[in-house]
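Notes follow once the structure below has been shown.
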Amino acid sequence: MTKSVIVVGAGLGGLSTALRLSYKGYQVTMIEKQDIPGGRLHLLKKDGFTFDVGPSFFSMSYEFKELFDSIGEPIPFELNELNPLYTVNMAGSNRVFQIYKDLDRLAEEFKGIESDFETKVRGYLKGAKEIFHDTEYKIIKRNFDNIVSYALSMATVPLKHLPKMFRTFWAELERHFESEEVKIIFSLVAFFLGATPFNTPSVYNLLNYTELQHDGYWNVKGGMYKIVEGIMGLLEKKGVKLIYNTEIMSVQHSAGKMVSVTDSNGQVYRADLFVINADAAWFRGKFLNRAKFTEEKLDKMEWTLAPFTIYLGVKGTIPGIHHHNYYLGDNFRAYADTIFRSTVAPEKPYYYVNVASKSNPDCAPEGCENLFILCPVPDLRVKPDWSDATKLVDEIIEDLGNRVNFDIKNNILTQVVYTPNEWQKMFNLYKGSGLGLAHGLNQIGALRPANKDEKLNNVYYVGASTHPGTGLPIVVIGSRLVTERIVNEH
Ligand SMILES: Cc1cc2nc3c(=O)[nH]c(=O)nc-3n(C[C@H](O)[C@H](O)[C@H](O)COP(=O)(O)OP(=O)(O)OC[C@H]3O[C@@H](n4cnc5c(N)ncnc54)[C@H](O)[C@@H]3O)c2cc1C
């Protein structure tokens, strides 16, 4: 008999799980709080401008290929490799570094900054490559039933990597490079994991291998939302029903099984199986009253930084700005040390700017640019009040205008700002944390909220805060792992 599945949430995790399950013959219904699918992979259209609201690029593009291969369909969007990967602007030296995958070209960028860069970077990436391939199938791409199976799998990782568990990301960079510039640039990726390079374990240097050698960075022709549109076309083909603008507010369970979920309109949805794409830690506390996930316990966990995002439609073409740009100040260590703990908006903020119109002119009216600005800020546990948001917006716009030598302020045609409060409200992100639970060694593998419920044997989880973790390709891996479980067990 066909099994019915309710998926709570239509983020990338929910959509890709629905895709896999529907192609395996399950009858899937999705319930989404927002009025469109995609979750954080959201779309904003305003005054002739189109913005990708959250993610703007990704690594490990082959995980998307795997998703569509697994259902026997061609990939329904066009991948576009980024070259250079990104640009880093440093305030102190006024230097602009273009980061290329081609190591000869990259060496040119660091000429006069880091002696013998090419030999050093090759040695650094060799170690990063080894740890990536030695852990890929042992830690990331497999399910764990309990702590023991996780410990046994960890024990098969070659012992030579052990020191990397105890060293920091920054300390590993210091073993290979001398210049602050190279260390700072290669450590930026640590912020995506929810910590700073000064407290992230050195194992995550493997991310620089995935970015610089293994796969590079990619986005999608026509904008990131094409991913969602492509998946939606296939879900429609399989008769998957999506219900929008309603939120699951309670769940009903009995005898070790979830029976139904109830939405904000009082509508009750019954199914054989439930996949939760809402935050896996928050959902357990809020709706299943689990002692391990009360607000007090969640507050003690480590969460990734909250996003403060600005979407600007600007008249004119801005020179000296590329598709992906980081703007850093001249106090990296001090900034990193306080950014998680500060109860006030950052002074002299560090931020990232994505200008999709540079490679996708359809995103902006002719002669205009669309700017997406992301400034990582403390989450709502630390700074709950964002009534001072305008000050931070003004500072960033002024700083960016000065750095690119263009009067952005007086050429703004449209502007939207999301503080961590909006991010929390829009997608139920816990205290506005942008990427969900952080990835310290105590919050990964079997130590992360599991993708199968502890007590209800027909409830599964997919997405950023469950195994294996956050980021678009990782969430897609998560959809494969949870599908494997469901198919084996039901
Ligand atoms: C600003 C920003 C920039 C980012 N940039 C990148 C990037 O460049 N590259 C990258 O790889 N990753 C990036 N990420 C991370 C990436 O967006 C996430 O890891 C990924 O999208 C998470 O997908 P998900 O399915 O787990 O969750 P979500 O996208 O949050 O989906 C969960 C869905 O569940 C819905 N929901 C929640 N509760 C309920 C409920 N009770 N009832 C009904 N529906 C509910 C939400 O509305 C949401 O649509 C970024 C994130 C942010 C915030």
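The values are calculated or read from the model by the stated rules, or taken from the named source; none is laboratory data. Source: prediction; values computed, not measured. Every residue, glycine among them, receives a Cβ derived from its backbone with ideal geometry; neighbour counts consider all protein chains shown. Quick note on the areas: whole protein, heavy atoms, side chains included, nothing else; ligands and nucleic acids left out. Shrake-Rupley method; radii C 1.70, N 1.55, O 1.52, S 1.80 Å.
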Query raised in the report: Within the range 77-85, can one find any residue that is surrounded by fewer than 18 Cβ atoms within 10 Å (Cβ to Cβ) and among the hydrophobic types (A, V, I, L, M, F, W, C)?
Result: yes
Query raised in the report: Do you know which residues across the range 343-360 are without any contact (Cβ under 8 Å) to a residue 40 or more places away in the chain and either in a strand (DSSP E or B) or under 22 Å from D407 (Cβ atoms) (or both)?
Result: Y352, V355, S357, K358
Report summary line: The lone condition M60 fails out of (1) in contact (Cβ under 8 Å) with a residue 24 or more places away in the chain; (2) assigned to a helix (DSSP H, G or I) is (2)
Report summary line: Filter the range 42-53 for residues that are touching a Leu at 6+ places or on another chain (Cβ under 7 Å) and open to solvent by less than 10 Å² (accessible area, probe 1.4 Å); the one that is nearest to the ligand (Cβ to nearest atom) is V53
Report task. Kindly list, by first and then second residue, each pair from a residue in the range 322-341 that is closer than 26 Å to A356 by Cβ to a residue that is at pLDDT below 90 and of a type in the set (S, T, Y), limited to pairs with Cβ atoms under 6 Å and residues at least 6 apart or on different chains. Result -> H323/S359
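Say we look at the range 237-259 and pick out the residues that are of a type in the set (G, A, S) and over 12 Å from F287 (Cα atoms); which of these is farthest from the ligand (Cβ to nearest atom)? Steps first, please.
Of the range 237-259, the ones of a type in the set (G, A, S) are 239, 250, 254-256.
Within this subset, residues satisfying the condition of being over 12 Å from F287 (Cα atoms) are 239, 254-256.
Working: G239: 20, S254: 21, A255: 24, G256: 22 Å.
If we take residues in the range 237-259 being of a type in the set (G, A, S) and over 12 Å from F287 (Cα atoms), then A255 is farthest from the ligand (Cβ to nearest atom).
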Query raised in the report: Across the range 1-20, what is the number of residues that are within 15 Å of the ligand (Cβ to nearest atom) and either within 15 Å of N488 (Cα to Cα) or outside any helix (DSSP H, G or I) (or both)?
Result: 9
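Hey, among N411, N451, N458, which residue is touching a His at 6+ places or on another chain (Cβ under 9 Å), modelled with pLDDT of 95 or more and away from the ligand (no atom under 16 Å from the Cβ)?
Working: N411 fails: touching a His at 6+ places or on another chain (Cβ under 9 Å); N451 fails: away from the ligand (no atom under 16 Å from the Cβ).
One residue alone meets the criteria, N458.
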Requested in this report: Take the range 281-311 and flag every residue that is within 22 Å of the chain's Cα centre (by Cα) and farther than 20 Å from A438 by Cβ.
Outcome: I310, Y311
**Report entry** Residues of the range 276-308 satisfying the condition of being crowded, with 23+ Cβ neighbours inside 10 Å and touching a strand residue (DSSP E or B) at 6+ places or on another chain (Cβ under 7 Å)
**Finding:** I276, N277, A278, A280, A281, F283, W303, L305, A306, P307, F308
Query - Evaluation of S56 against (1) surrounded by fewer than 21 Cβ atoms within 10 Å (Cβ to Cβ); (2) within 30 Å of S357 (Cα to Cα); (3) among the hydroxyl-bearing types (S, T, Y) (one fails), failing number - result: (1)
Requested in this report: Please state which of the following conditions K33 fails to meet, knowing it meets all the rest: (1) open to solvent by 40 Å² or more (accessible area, probe 1.4 Å); (2) within 16 Å of the ligand (Cβ to nearest atom); (3) in a strand (DSSP E or B).
Outcome: (3)
Report summary line: Scanning the range 309-342 for residues that are outside any loop (DSSP other than H, G, I, E, B) and open to solvent by 60 Å² or more (accessible area, probe 1.4 Å) gives K315, R333, T338
**Report entry** Some residue of the range 430-437 being more than 9 Å from the ligand (Cβ to nearest atom), open to solvent by 10 Å² or more (accessible area, probe 1.4 Å) and not aromatic (F, W, Y)
**Finding:** yes
**Report entry** Criterion violated by V148 - all others in (1) assigned to a helix (DSSP H, G or I); (2) modelled with pLDDT under 90; (3) farther than 26 Å from K101 by Cα satisfied
**Finding:** (2)
Query raised in the report: Quick one: in the range 472-483, which of the residues that are open to solvent by 10 Å² or more (accessible area, probe 1.4 Å) and out of contact with any strand residue (DSSP E or B) (no Cβ under 7 Å at 6 or more places or on another chain) is farthest from the ligand (Cβ to nearest atom)?
Result: R480
